[in-house]
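The structure appears right after this line, and notes come after that.
The values are calculated or read from the model by the stated rules, or taken from the named source; none is laboratory data. None of the values given here were measured: they were computed from a predicted structure. As a convention, Cβ positions derive from the backbone with ideal geometry for all residues, glycine included, and neighbour counts pool all protein chains shown.
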Amino acid sequence: MKARPAAPLSRKDAAIACCLLLLCVVGRGQRLDKVITLPYDAMLPAGHNSIAFNPQARLLYISGSKSESLCVMDERKSVVTAMLDLGYCVSSLCFNPRVGKLYCAAGSSCAILALEGVSGSVLSEIRVPDALTSLVLDSAHNRVYGLCRNGAIAVVDCSQDRLLCAPLVASALGDTCPAVCVEGLDRLYVGSSADSTVFVFDCAGDSVLARIDLASTPLALCYHTPNGLLYCSCADDTNLLVINPTSNQPVDSVPGAGGNLLMCSNSTSNKVYVVVEGDLLAVSGETNTVLANIYGGDSYSLTWNSRRNKVYLTTSSW
């Protein structure tokens, strides 16, 4: 892997990159705070992206699933500090603050890369059973879960960066596999795009506890700590489903916030942010209603900055 500084863009690339933006939204004020232009190869070509935040070093990592470059940005200065050539297209990112490492799903290469969080140097390459769709952090057990297309969950020990096991939870999970860890209950919720099911995985026993049957395919999952509820977005449903993870039963829904692929939780302001048809919506964790429509455009990834209470959204149009 080679790290290189973010070089000035040529006129040609700058003309293209002007529509590749990172948006910072103030978590409390519900307004656009800043627009930051990203290097062209950070999102080339426009498509699925992943974004992760390192609260210790105050760094943002941005990857594109069709680019082998990882963009590193100093969030305090809103300046790209490096582009890391990983040699793999990265489909998902996950930062583990307990060990200070960034974990990268190496696209279709059946591997998870462990990077040192500040320097970006590759520490290890962990082989998994099949191509990965996403990564999920379990900080309570110091683990990362890699969700594989063949239906396996690769359980990685972050202290030694080794594969512990890879139990099968389904015959297939599909190309899009939303998942979220509920650490207080030692559970991992995994949505399968191969059918209309959310699997409940026991993080302590590495086995399937239950399954939640839905009316349509799950697209995104988000756990919100302030109210202890799980939010589930489904295809062909304009309502955002609200599930009690203790009982695994639906308890509410949010009209107009469903059918989305992107969600993140803001525990400081007690809000859940969702992207619906390009619009960034703020959902109240207290009333489960849409509070504001903040932005409209083509969006690819979403994360919350816990240090500054801001939400970051990557987009290719403005």
Search the range 128-153 for residues being aliphatic (A, V, I, L, M) and more than 12 Å from GLU183 (Cα to Cα), and hand back the single one that is surrounded by the fewest Cβ atoms within 10 Å (Cβ to Cβ).
ALA131
Taking the residues in the range 137-166 that are of a type in the set (D, E, K, R) and assigned to a loop (DSSP other than H, G, I, E, B) as candidates, determine which candidate is nearest to the chain's Cα centre (by Cα).
ARG149
The residue from SER306, SER269, SER299, SER316 that alone is small (Gly, Ala, Ser) and buried (at least 22 other Cβ atoms within 10 Å of the Cβ) is SER299
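Mind telling me which of the residues ARG98, ARG76 ends up being of a type outside the set (Ser, Thr, Tyr), touching a residue at least 40 places away in the same chain (Cβ under 8 Å), within 20 Å of THR303 (Cα to Cα) and assigned to a loop (DSSP other than H, G, I, E, B)?
Going through ARG98, ARG76 in turn, the sole match is ARG98.
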For the range 175-198, give me each residue that is touching a Lys or Arg at 6+ places or on another chain (Cβ under 7 Å) and either within 13 Å of SER134 (Cα to Cα) or in a loop (DSSP other than H, G, I, E, B) (or both).
ASP175
The condition of being among the charged types (D, E, K, R), in contact with a Cys (Cβ under 6 Å, 6 or more places away or on another chain) and on the phi < 0 side of the Ramachandran plot holds, among ASP130, ASP186, ASP157, only for ASP130
Extreme residue, surrounded by the most Cβ atoms within 10 Å (Cβ to Cβ), among residues of the range 63-73 that are outside any loop (DSSP other than H, G, I, E, B) and touching a Ser or Thr at 6+ places or on another chain (Cβ under 6 Å)
SER63
Among the residues of the range 229-246, is any touching a Gly at 6+ places or on another chain (Cβ under 7 Å), of a type in the set (Val, Ile, Thr) and modelled with pLDDT under 90?
no
